[in-house]
Structure formats: structure tokens, C-alpha cells
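The values are calculated or read from the model by the stated rules, or taken from the named source; none is laboratory data. Values in this document were obtained by computation on a predicted structure and should not be read as measured data. Cβ: placed from backbone, ideal geometry, glycine included. Neighbour counts: every protein chain shown. All accessible areas refer to the heavy atoms of the entire protein, side chains included, with ligands and DNA or RNA removed. Shrake-Rupley method; radii C 1.70, N 1.55, O 1.52, S 1.80 Å.
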Amino acid sequence: MDGAGAKAVGRAFPGPVELAAWLAVTVPAPLVFFQATHRWEEDQPLSTALYWALAPLPVLAATAAARLSSPRSTAGARPATPAAARPRSTAVGRFAAIAAGTAVAAVFLAASTVWYRWVVPLDGEASWPRFWWTGAALAVAGAVAGHVIAPRRWPGGRAWVRPGLVLGVVVALLGAVLATTTVRLGAEDSTVRFDEGGAGGVGPAGVPEGMPGQMVLPKAGRYALLAMGSAPRRPDCRYSVPGVAERRAEPVSIPPGNYGGDYASYAWVATITVPEPGRYALDCQDAPPEASYLVGDVPEIRGAVGALIHWPVAVVWLLGAVPGLLILLAALRRRGGQNT
């Protein structure tokens, strides 16, 4: 791509509002919608998640092409270029707008593919040739439509500033909330193997007979502390280690759950690390009497989401708030430009 082509794609690239809308539709929406419409023990398949990336693709391409086809101006200002000189009036201009819109859509579609292949790798297979050909057709169709129906000027000016500030705050707050939900659901749907706990535990349900408050661990290393059913997800559980008074189970920042079957569900709420095999005592002092916590193997979670569940919650909140913060920054810059 030459310098002019790169500049065209840069101008057509979506702004923070479009970016926030795309992320909302393609990242949390598939996981949240599937969770709300299916049984809790079912996992989101890859094929249906990718539909959510195809659906908004023509709108994204149309927006990008329209952005390039229309001269940018503030509200009430005259277009910066005469009608005869606008890019859409020439064959080269038409091709540039459509190509740029298609290229932008392809970049975003590739990003969604990376997300569901390496960050939140879901089960199942997708027909990749059909997926890419469908995406290409939707991107081109959207870019053509956006070029044809492009407005004569982009909305802007003083009227956009105050709604932009409010929208930025709202999107930032919603993004922070949805970020932890997305990480949790993504970890659950990307889990390859989990253990319902058979090494011991505390509580009235599921603890092996004769082993209340005890763990028999066959090897050194990490084990999962699983909250059974509605047991609190933030227990203060401690366990004895030879030569050490006691250790606190390390909490999982964003506990994945919905493990189990028809009998009960489990959530991975903390991690226990022991230096050698043997019998260990376990005590969850602040847990209600009816709560049960079991110890088993650490769930095997594919992709980067397996690490994200251990990140500090504040960091995940901040990542989720980034689209809203970008909208807020754009509104503040626009207001600053009007005041100069």
C-alpha cells in the first residue's frame, strides 16, 4: 500500500464511538447472550460466536467508506472542497473509498478471529473458507453502500461535545463492568478439563467421608479450591503446611464457574500450593456453615484468558473502560479546540 492508500485507510479508520460499538457487539455480546439463552453447563461454540463478528461488518465498512467519501467539516461550516473535487466524483476516489472501507472491515474481522482463536479459544470448528468469503462479500457490499449514501458532511461541532462527554462516562462504566463478565465467561467456555474435587475439603456437602477439614494431595504443586453451589466466592481459607504455621489460599481474581453437571455446579475461587504430597488441614473460618469447598486439580483453560482471570480486577476494569475513555478524550479535545 502506497502513502496515499495508507492515508486513506487512516482517515477511514473508525473513531472511538464506532470502536466501542464494535467491541461491544463482538466481545461481550456473544458470551453474555449465550449464557442468558442456554443451560448453564453448555459452552459457547466458536461457530456461533463468529456470527457476531459478521453481523456488524457491513455497517463498519459502510461507516469507513462514508468517512472517506465525505469531506470532514464542523457543524454549520461549508465543505472544505468543491463538489467537483470530492473523492467520490472520480473513479479513483470511488475505488479508494470502497477499498479503504473494505480494508478497515478486514482488519477488524481479523482481530475478532484472533480473539476467539488465541485469547478466548472456544470449542468447535468453523468453516473458515466460507467465513472469510462471507466476510469479504459483506465488507465490499457495506463499503459500496457507505460510499453511495455518504452524507455531504460529518456531524460535529459544539452540539456533539456534551453528548460525547456523557456517552464516554457511560461507556467507560459499562465497559468496566462487562470486562470482568467477559473474562469469566470466556474462561468458562475455554475450559478443556475440570475436576469436581475429590481430595477433601470443608462443608456439609461433597466432602469425602471421614475427611472434614482434611485434604489428601497425591503430589506437590497447585490445586484448585472449588466453591460448591452458592458458596461465597471470596472465602478466607487457610491450610497447614509442614514447617509453616499456615498459608492462605490464593484467591482467583475473577473466579470462573459453571463447572459440574446436573448434581451441582462449582467455581474455581482460590489456589492451594503444597511442597510435597501428604495430608493437609483446611479451614475456611468466615464461610457460612452450609457452604462447601472442595479441593481438586486446577482447571485446564486454553488461551490467554486463563491468565486474565488472575490479573488484578482493577486492571481488567481499566481495560474495559478504555473505549469509553477514548470517547471522553475525543469530546474533551473537541471542546478544547472550540475554546481556542
Problem - ³J(HN,Hα) computed for each position of region 279-290 - Karplus, 6.51 cos²θ - 1.76 cosθ + 1.60, integer Hz, glycine/proline x - result: 9, 10, 8, 10, 9, 10, 5, 8, 6, x, x, 7
Practice task
Between residue 169 and residue 333, with labels modelled 7 Å along Cα→Cβ, what's the label distance in nm to one decimal, could you check?
Solution key: 2.2
Handout entry: Contour excess over end-to-end distance, with Cα ends at residue 130 and residue 222 and 0.36 nm allotted per residue
Key = 28.9 nm
Handout entry: Total formal charge among the other residues, if their Cβ is under 9 angstrom from that of residue 226, Lys/Arg +1 and Asp/Glu -1
Key = -2
Handout entry: Residues residue 205 and residue 245, FRET efficiency given R0 of 35 Å [Cβ-Cβ distance, rounded to 0.05]
Key = 0.75
Practice task
Please give the solvent-accessible surface of residue 233 in Å², to the nearest 10, using a probe radius of 1.4 Å with every protein chain present.
Solution key: 90
Exercise for the section: Would you check the accessible area of residue 138, probe 1.4 Å, heavy atoms only, in square angstrom rounded to 10? Expected result: 60
